[in-house]
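Undergrad: One structure, as structure tokens, below. Some questions next.
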Amino acid sequence: MQPIEFIGFAADCTITGKMTMFGERLTDFLNGQERYLVHHVECESLEDGHQAAIDSVSVERSDLLAVVATGPRGNEKQRVSLQTNRLHLSIGPYMVLGRLHTKPGSDAVADVLKRDPMVPLTNATIAYEVAGAIVARDLPTIIVNRLLVEWISPTTEAASVFPDVPVRSPFAARLQKDFTGTPSA
């Protein structure tokens, strides 16, 4: 058990504070329970940027769209060489770029289907608006709640890493997949 810095992203605010983590990696801790107690909390509204301080708050995993990976990285002896797949995704008001790690030669889709909801992406960037101003943060690792991903634009090697999520690119005129139900022009 160890206290760590907590930086989370909810649909309407960012949440920073301290959390007591059990285990070797934050991803495992987040996947191991559905509610987390965060102390010395500061919430920042995405709408107008106002901040609110709270002594402690209980946050449900279903309310977290993403979390910055902090704390220990796990047992170094258990690490294996992995291949990476570059992803661009939308989750609530956030745009995320990052790399998904899978075993070499494995099917990325099958690998993700076996994973818990909170999935780490390395060499990540998260971008969002606070009071109309764009904020972009480069992070070594961000953990996204794959159950809340709205759309994803993977590289061709990982064309459908998040099943049942529309695959499209906001930069392309032609959408690859779009299940939003809106008619195309």
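Values in this text are rule-based calculations from the coordinates and carry no lab data. In this text, all values refer to a predicted model and were calculated from it rather than measured experimentally. In this analysis, Cβ positions are derived from the backbone assuming ideal geometry, glycine residues included, and neighbour counts consider all displayed protein chains.
Undergrad: Amide H of E150 versus every other amide H placed in the peptide plane: which residues, excluding those fewer than 5 positions away on the same chain, fall under 5 Å?
TA: Residues meeting the criterion, in which the H sits 1.01 Å from N, are S90, I91, G92.
Undergrad: At 7 Å along Cα-to-Cβ for each site, give me the label-to-label distance between N123 and R86 in nm.
TA: Taking the two extended label points, one gets 0.8 nm.
Undergrad: Using the Karplus curve 6.51 cos²θ - 1.76 cosθ + 1.60 with θ = phi - 60°, work out ³J(HN,Hα) for each residue of the range 32-38 in order, rounded to whole Hz, and write x for Gly and Pro.
TA: Karplus values, whole Hz, x for Gly and Pro: x, 8, 9, 9, 10, 9, 10.
Undergrad: Residue-wise, which Karplus ³J(HN,Hα) couplings in Hz belong to the range 128-140, taking 6.51 cos²θ - 1.76 cosθ + 1.60, θ = phi - 60°, and x for glycine or proline?
TA: 6, 9, 10, 6, x, 9, 6, 10, 10, 10, 8, 9, x
Undergrad: Amide H neighbours of A69 under 5 Å, counting only residues 5+ apart in sequence or on other chains, H built in-plane at 1.01 Å?
TA: So A69 has HN proximity to T141, I142, I143.
Undergrad: Quote the FRET efficiency, to the nearest 0.05, computed for E24 versus A52 with a Förster distance R0 of 30 Å and r equal to the Cβ-Cβ distance.
TA: Values: r = 32 Å, r/R0 = 1.08.
So, using R0 = 30 Å, E works out to roughly 0.40.
Undergrad: Could you pull out which residues in the range 35-54 have an amide N less than 19 Å from a spot 7 Å beyond the Cα of A131, following the Cα-Cβ vector?
TA: 42-54
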